[in-house]
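A.B. asks: The structure's right below; bear with me while I get my questions together.
FYI, it's all coordinate maths here, none of it is from the lab. Please read these numbers as outputs of a predicted model, since none were measured by experiment. Cβ placement follows ideal geometry from the backbone for every residue including glycine, while neighbour counts extend to all protein chains displayed.
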Amino acid sequence: MLALVHALAAETDVDVPLEPGEFTITVEQERSLLREYADRENAAFFTAWRGEELLGMLNLDASRLHSGRHRAMLGMSVARASRGQGVGRALLEHAVDWARQTRLLTRIELDVYVRNAPARHLYESVGFEEEVQRRAPVWEGETPVDSILMGLCFDDKAPVAYRQDPPEADDAGAVREHVPVTIRDATAEDAEGLMALWRAQRSDPALLTPTAGLPWKERPEAFRERLQSTLDAENGHVLVAEAEGRVVGTVEGRGHQRRRMCREALVAIGVAAPWRGRGIGRRLLAALEKRARDGGIIRRLMLWVYAENEPALGLYRSCGYEVEGRIRNAWFQRGRYHDELMLAKLLD
């Protein structure tokens, strides 16, 4: 299986965002991953063989969040010598049938290059629909490559409900009028303030996010390591909004480590409840965009927002972000599905 991935990375005409030397998983790590897949009822790994020859493989990996355990991302690889022989279709049809029969999965999604017409037609033939037209998420040298996020929903299956305790409001303190707010680059010393802010976001009953109502389980040392990793990355930026020595807002943009995907940065933003409506979010987004432009690597800023979140959607659009598509049934919370929009802003 590892040999197949290395062979794909070495091909110059295959549509995968992977270059030689970037795939470093060891045999033992792969075995551990396969054991993990086998233990999860909403994830699977399938392989196709002819005798002892591995022809192709497909994985379905579902979200570990309760709100997203019904959706799985699909990835598929077929050996060069086995393409055009029905291997991909056999794997795909088997995976769709398996997912349909599971208890939890009601949605499968995948990402495919726009130019890969044969793959798109294959996915469409088993029920996938185009949902998001992604502009320039991948770059081959200085050439941007567009992709399409496709989704297959089992509308005849009811989602499995789970218990979700309503979030308890966090006392974020009162806001004094005319208190100045400073936007600056984050440092490692901001870890405590950032953790407190994100913890409060989860317990804010006014917010509907994939992690709403969930307890904060990340260890402080793990958060600090992740923060430092982003600060050290050439395509990573973290900014904070500070008032009276306290973090009252933040925005993060972090690009992928793979070379072909490093020009896209996923944006995450949060503002403490008492400080909303004062233009802090807009200032944070503007500062992040400036850092990204000055850095010269990031060419695409991307974020997700619930389709029903009109205030956030209005803010992002006013800052130049464009809606690229809608993810159907993205999250299941408070007894129903919620669609999600992907927005992006290209930096010329």
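A.B. asks: Can you grab the distance from the C-alpha centre of segment 89-126 to the C-alpha centre of segment 135-162, Å, no decimals?
C.D. replies: 11
A.B. asks: Filter the trypsin sites (Lys or Arg not before Pro) in segment 13-116 to those in DSSP coil with at most 13 other Cβ atoms within 10 Å of their Cβ, and list the result. Don't jump to the answer; show the numbers that get you there.
C.D. replies: On the way: sites: 31, 35, 40, 50, 64, 69, 71, 80, 83, 89, 100, 103, 107, 115; in loops: 40, 64, 69, 83, 103, 115.
Those that pass, being in a loop and sparsely packed, are 64, 103, 115.
A.B. asks: Sort 25, 183, 298, 269 so that the residue with the fewest other Cβ atoms within 10 Å of its own Cβ comes first and the one with the most comes last. Could you put the intermediate results ahead of the total?
C.D. replies: Numbers: 25 12, 183 17, 298 24, 269 21.
By the 10 Å Cβ count, ascending: 25, 183, 269, 298.
A.B. asks: Give me the percent relative contact order of the chain, please, defined on Cα pairs under 8 angstrom at least 6 residues apart.
C.D. replies: This gives 13 percent for the chain.
A.B. asks: What is segment 56-202 by shape, rounded, prolate or oblate, if you read a ≥ b ≥ c off the alpha carbon gyration tensor as root eigenvalues and call it rounded for a/c under 1.5, prolate for a/b larger than b/c, and oblate otherwise? Walk me through the numbers on the way to the answer.
C.D. replies: Values: a/c = 3.06, a/b = 1.69, b/c = 1.81.
Here segment 56-202 falls in the oblate category.
A.B. asks: Taking GluC sites (Glu not before Pro) as candidate sites, keep only those in a DSSP loop with at most 16 other Cβ atoms within 10 Å, then name the longest stretch of the chain containing none of them. Write out the running numbers ahead of the final one.
C.D. replies: Values: sites that count: 11, 22, 41, 52, 142, 168, 177, 218, 234, 244, 308.
Segment 53-141 is the longest.
A.B. asks: Next up: For segment 311-348 and segment 230-248, write down the distance between their C-alpha centroids in whole Å.
C.D. replies: 23
A.B. asks: Another question, if that's okay. Would you mind ranking 27, 267 by Cβ crowding within 10 Å, fewest neighbours first? All intermediate terms of the calculation are to be shown ahead of the outcome.
C.D. replies: On the way: 27 9, 267 23.
Fewest-to-most ranking of 27, 267: 27, 267.
A.B. asks: Based on the alpha-carbon gyration tensor of segment 208-348 and its eigenvalue square roots a ≥ b ≥ c, which shape applies: rounded if a/c is under 1.5, prolate if not and a/b is larger than b/c, or oblate?
C.D. replies: rounded
A.B. asks: How far is it, in nm, from the label point at residue 282 to the one at residue 9 when both lie 7 Å from their Cα along the line to the Cβ?
C.D. replies: Taking the two extended label points, one gets 4.5 nm.
A.B. asks: Does segment 270-348 come out rounded, prolate or oblate by the C-alpha gyration tensor, with a ≥ b ≥ c the root eigenvalues, rounded set by a/c under 1.5 and, if not, prolate when a/b is larger than b/c and oblate if not?
C.D. replies: Details: a/c = 2.52, a/b = 1.40, b/c = 1.81.
Here segment 270-348 falls in the oblate category.
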